[in-house]
Amino acid sequence: MKQINLGIIGTGWCGGIRAETARGSSLIKDIHIAETNELRLKEMADLVGAKTASTDYRDILKIKDIDAVIISATPETTHYPMARDALLAGKHVFMEKPIALELAEADELIALAKKSNLKFTIGYSQRFNPKFAYVKKAIANGTIGRPVSVLVSRHITRSLGKKISGRVKLSPAAMESTHDLDFVFWCLEPAKPVKIYSQVNYGAMRESTGADVPDSQWITVTMDNGLSFVVGGGWSLPLGYPNFSTTWIEFIGTDGAVMVDDSHKDVVINTMEKGMQLPMSTMPGEKVDHVFAGPMAAETIYFIEAIALDRPVLVTGEQARTVMEVYMAADLSAETGEPVYLPLPEEKLKVVAG
């Protein structure tokens, strides 16, 4: 059995899950970590027995026997330069979404990976959620027939919304709906998006932050086979639900339908002190003794196996680029009030990127 050496850049919430998951895999030999927070760096180095630990990610990339790198750093502006440097250093790369902030950056990363025959994948973790995988299976095996109507609605709490929107100016489409856009495109393959229309709704987020941050964003996507679907994302649920994420999925086909409630209301704890609570989060997942709630642990193992066993990654760079182009088009549509057609023309790219 081949073991690999893994570098992890950024060991906060998501990176910590990935580091702990990797440490438990028999396919991992050595773990090397980079983290700018020195207290967190020491904590995670001790927890996973890191061979090396540094506050500078470039130190990790200089280690020749590291096979692959997981990039879980924030803010999102760091993704492109870190991924570019890792690919240039000859490392396979797993990176949290988004793939980049500009399409030209995404194109460069995809080209670099292809040129050096490196695996490059993005963390659209919902493909590793068993409920979501079941929807894909029900469509692929013809259980519900040909899809004719699709709806996905995802919402998280405003505490998470403020944390995410405060890091970088990205919309709910770019930060919340991105997982679900990827999921629907995956289910509807080989159809491709051709037209996007989007609107945003304002409320608690703008009132509480004073910034131009919408509460939610709704996106209608028309595919080249004529099917249109709706994806909505928001981040203003009440603060009473820490890390709470609620998602509703509705796929209706010619021969059936599949509905998924992914709100984790199936686990309720009731105590004299605090009353009824929803204790488990699937966004992105909390540790429950020896396992993690949510799909991120399974996603991490899949990437490790793809490197060690030379298997294809599940999410390709090209697929992540499609998602990126769609949420950029959604932001442009929300700004102009008009539908946007793909591919995005050069002059509109400049408006979105600016």
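The values are calculated or read from the model by the stated rules, or taken from the named source; none is laboratory data. Keep in mind that this is a model prediction, so the values were computed, not measured. Here the Cβ is made from the backbone with ideal geometry for all residues, glycine too, and neighbour counts use every protein chain on show. Quick note on the areas: whole protein, heavy atoms, side chains included, nothing else; ligands and nucleic acids left out. Shrake-Rupley method; radii C 1.70, N 1.55, O 1.52, S 1.80 Å.
Segment Leu39..Leu309, full-extension length gain: 93.7 nm, with 0.36 nm per residue of separation and the alpha-carbon distance subtracted. Computed on the stretch 1-120, with alpha-carbon pairs under 8 angstrom and 6+ residues apart, the relative contact order is 23 percent.
Its Cα centre serving as origin, the stretch 157-311 has a Cβ charge dipole (Lys and Arg +1, Asp and Glu -1) of approximately 640 debye.
Counted by Cβ distance under 10 Å from Asp85, the other residues give a net charge of +3, where Lys and Arg count +1 and Asp and Glu count -1. Rounded to 0.05, the FRET efficiency of the Lys131 and Val194 pair, given R0 = 22 Å and the Cβ-Cβ distance, is 0.20. Across every direction, the projection of the convex hull enclosing the Cα atoms of the chain has a mean area of 18.8 nm². Per residue, the chain exposes 45 Å² of accessible surface when a 1.4 Å probe is rolled over the protein heavy atoms with every protein chain present. Take the Cβ atoms of Val288 and Asn225, set R0 to 51 Å, and the FRET efficiency comes out at 0.80.
Take the Cα of Val148, step 7 Å toward its Cβ, do the same at Asp59, and the gap between the two points is 6.1 nm.
Note on Ser116: accessible area is roughly 60 Å² with a 1.4 Å probe, heavy atoms of protein only. The calculated FRET efficiency for Leu47 paired with Met259, based on their beta-carbon distance and R0 = 45 Å, is about 0.70. Legend: distances between Cα atoms for Lys51/Lys114; Lys136/Lys192; Lys97/Lys163; Lys163/Lys287; Lys29/Lys119; pairs beyond 27 Å are Lys51/Lys114. Each Lys and Arg adds +1 at its Cβ and each Asp and Glu adds -1 at its Cβ; summed about the Cα centre, the stretch 1-71 shows a dipole of about 220 debye. In the chain, the DSSP-assigned H stretches of four residues or longer account for a calculated mean residue ellipticity at 222 nm of -11000 deg cm²/dmol, using -39500 (n - 2.57) per stretch and the full residue count as denominator. Counting only protein heavy atoms and using a 1.4 Å probe, what share of the accessible area of the chain belongs to carbon plus sulfur, as a whole percent? It is 53 percent, rounded to a whole number. The trypsin sites (Lys or Arg not before Pro) of the stretch 157-266 that meet both conditions, a loop assignment by DSSP and at most 15 other Cβ atoms within 10 Å of the site Cβ, are Lys169, Lys265.
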